[in-house]
Structures are given as C-alpha cells and as structure tokens.
Amino acid sequence: MKIAIRTLVGYYNYGNRLQNYALQKVLEDMGHSVITLRDFTDRNQELSSAQKVLMGIKKGDLLPKLFRKIRTQKNQTIDREREASFKAFTSQYIHESAFTMNEQTTDYDFDREIDAYVIGSDQVWNYMLNSFAVTSFAMYSQKPKISYAASFGVAAIPAEMRALYQSGLAQMTQISVREDAGQQLVKRIANRESTVVVDPTLLLDQAEWLNLINNGQVYQEKYLLTYFLGNQSRAQKEYIKQYAADNHLVIKALADKNDSALWVADPAEFVNLFSQAEAVFTDSFHASVFSIIFEKYFEVFERQSSGPSMNSRLETLLSDLGLNDRWHTGEVLTHQIEYGQVKAKLQIRQEESRAFLETALQAVQDR
C-alpha cells in the first residue's frame, strides 16, 4: 500500500524528526510505500496581531517566544546552520510531499494515490499548536485513517473545540495513542476505545539506531549530557554540576546556544550523543527514550514552564517500563537500572504496538 504519514513537521525539534523517521522505517519494513505530508496549513494565519497576543497569553508562552525572537535576532548565523542541518537530515532520511490547505481547495492530487493515512506520532492532536487543523485528522479524505501513538499533549479540550475533535475522531478507522491520558480523552470526547502504544522511536532497537549513526563523531572525553526544553532552577544546575564533578565528567548541553557546536547538531548527531553519554539529565520525553535505548543512567526532571503540564507521556513511558524511580528527587539515584528487566518489558510493549499497526493496516488491505 501507499501510506501517507500526517505528523508534526517542524525543523527544530529532535523528537519530531526522529519519530517521523522511525515510523516511516517501520512501515517500509512492513512492505509499504511511505510519504510524509509536509503540511503548511496554519489555522492562526488569519488571526490579527492582538488575537495572536491573546492566544500567547492563554498558552503561557508569549514571553518565552519574545525572548526567543530577540535571541534569534542576535544569533541568526547559528540558527540558519541549525535549520540547515535539520533540513539536510529530513532530505536524506524522510520522504516528504508538501501541501497547504485552504478554504478554496478541497481536492488534493496526492490523495488519489494514497491507500491509507497513518496519523501520528508526537503531539499531532494538540490544539495549542498553530499547525493543528482539520488536516490533523485528514478529514479532507475518505481514505482509511489510522492513528499511531498520536498525542494530545494536554489533559483537556476546550468546549469550543470539542466538535472538531469529535468529528475527527469519528472518522478514524483505528485509534492508538501514546499515553494513558490520551486514551481517556478519546473515550471522553468521542466515546471510542483506543490502544496505548509506544512511541515509534521505541519500535527500533539499539542496533537500528546505531546503524543510523555509524559515521557519527567519536567523542574522546567522558561526558554528562543535558537536554532541557523548559527552564532549570539554580539548584538543579548546581546539582548537575556536582554530579559531573563527582564522576569526572564534562557537561555537554543540547539545545543551549552557549554551546554552538551542539546547537547546530542534526537529529542523527542527537542520537549519537546519547549513544556515548555516561549519564543523561533531562525534562524531555525523547531524551528519556534514547537514554533507555542506549541503557544509560538518567534522571527525569519536572519541566519548568508556564504552560500546561506535559508529564503524561513521561509518566506512561516510565510506568510501562518499571522506571518510576527515575524522577529527579534532589539526590543521586543510587538504585541501579536493571536494563535486562526494562528491555524485557519493552519487548512486550513493542510486540503489542507492532501488532496493533499490522492488524489495522491488514484490515485496510482486506477491505
């Protein structure tokens, strides 16, 4: 079959690019032809400046966005290099087909060639993202639609948006989500059952990820890797510095412009850095995923941000694999991770998740 993936397609998020790559590879390994729809639809493109400011205040990200804008203006060169590295990775590894939806367009040439849509993973159903629209459910098409590890990214849907979600979920042939909270939302909004599956990045084993980075840089120094998407308190920074000093490690900080070499690292180098790290400290879901894949000591910090909590996906991940003790407590976690037990639990979840995808796609072929 020819399958179109509908997911988030930004050029600045490592998890975004890597889950897209992983899902494409899994589907291709199943024998399908796969493209990713690069959707340029922006439901906020017609909003006035005042409306955008009000939405930013509601989302709690107005000041961070203003700060990033100022910082970006001061660092345009390395920002361009970062964007170029992400685009190069995408061009090399992900098969994209671009389109833009508007009110005047209801017929899409690519839809004639598609046998089924796979929607997900990542926060493809998060109404707070500008990319969220009817395209997030592929409602322009009558072809079968399967969600794989789709995430809402929030715990509740506003009343004024429930009709859109109800219509979109009603059109799904089969529904799977990435976290327990998403399963509850599907039931509450659409009164439909759904399956909780693992993120696509967890469907590829360590050897498959090592194959992606077989030409990656080899680091001589032993290092502690940090990757924070939210803010860090002074106490957290001091804690990490002390851990590094006690274990004779240098600190490498991803997503920190103070380290320009890492700021421009592409998604493959992101994976490479996790493969060689001695320890990982993070508030990121995908950083936790790759810590697990490469069997690292890691600690997960509560994300410090003004927006709604996004801990559900981490809670589901850690609970599934018996790793609830990985949450940062302010003290070094002395309990060693029994990765043999973790990988045994992960294998079960991988098999269940693959079975969902295979069964859903086979049902499409049998129609």
Open item on the list: Checking the condition under 18 Å from the mean Cα position of the chain (by Cα) and modelled with pLDDT under 85, which residue from SER151, SER136, SER147, SER131 passes?
Closed with: SER131
TODO: Could you pull out the residue among ALA268, ALA287 that is part of a helix (DSSP H, G or I), touching a strand residue (DSSP E or B) at 6+ places or on another chain (Cβ under 9 Å) and either among the small types (Gly, Ala, Ser) or crowded, with 24+ Cβ neighbours inside 10 Å (or both)?
DONE: ALA287
- [ ] Scan (1) surrounded by fewer than 20 Cβ atoms within 10 Å (Cβ to Cβ); (2) in contact with a helix residue (DSSP H, G or I) (Cβ under 9 Å, 6 or more places away or on another chain); (3) under 20 Å from THR201 (Cβ atoms) for the single condition ALA355 breaks and write down its number.
- [x] (2)
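Rundown of residues vs (1) farther than 21 Å from VAL342 by Cα; (2) free of Cβ contacts under 8 Å to residues at least 40 places away in the same chain, yes/no style:
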position: ILE189; (1), (2): yes, yes
position: ASP199; (1), (2): no, no
position: ASN214; (1), (2): yes, yes
position: GLU221; (1), (2): yes, yes
position: GLY230; (1), (2): yes, no
Open item on the list: Would you confirm, using the coordinates I've provided, whether TYR165 is modelled with pLDDT of 95 or more and either of a type in the set (Ser, Thr, Tyr) or outside the structural domain of SER353 (by TED's automatic domain parsing) (or both)?
Closed with: yes
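Yes or no, residue by residue, for (1) in a helix (DSSP H, G or I); (2) touching a Pro at 6+ places or on another chain (Cβ under 9 Å); (3) not assigned by TED's automatic domain parsing to the domain that holds GLN174:
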{"residue": "ASP325", "(1), (2), (3)": "yes, no, yes"}
{"residue": "GLU331", "(1), (2), (3)": "no, no, yes"}
{"residue": "ILE337", "(1), (2), (3)": "no, no, yes"}
{"residue": "GLN341", "(1), (2), (3)": "yes, no, yes"}
{"residue": "ALA355", "(1), (2), (3)": "yes, no, no"}
{"residue": "THR359", "(1), (2), (3)": "yes, no, no"}
- [ ] Tell me which of these LEU262 doesn't satisfy, since it passes every other one: (1) in contact (Cβ under 8 Å) with a residue 24 or more places away in the chain; (2) touching an Asp or Glu at 6+ places or on another chain (Cβ under 9 Å).
- [x] (1)
Task: Filter result for THR173 (surrounded by fewer than 17 Cβ atoms within 10 Å (Cβ to Cβ) and either in the same structural domain as ALA98 (by TED's automatic domain parsing) or at positive phi (or both)) - done: yes
- [ ] State whether the residues of region 240-256 include one that is surrounded by fewer than 19 Cβ atoms within 10 Å (Cβ to Cβ), assigned to a helix (DSSP H, G or I) and in contact with a helix residue (DSSP H, G or I) (Cβ under 9 Å, 6 or more places away or on another chain).
- [x] no
Open item on the list: Could you check region 200-235 and list, in sequence order, the residues that are over 26 Å from ALA22 (Cβ atoms) and either in a loop (DSSP other than H, G, I, E, B) or within 24 Å of the chain's Cα centre (by Cα) (or both)?
Closed with: GLN220, GLU221, LYS222, ASN231, GLN232, SER233
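The values are calculated or read from the model by the stated rules, or taken from the named source; none is laboratory data. Computed from a prediction, not measured in an experiment: that's the story for all the values here. For neighbour counting, all protein chains shown are included, and Cβ atoms are generated from backbone atoms with ideal geometry for every residue, glycine included.
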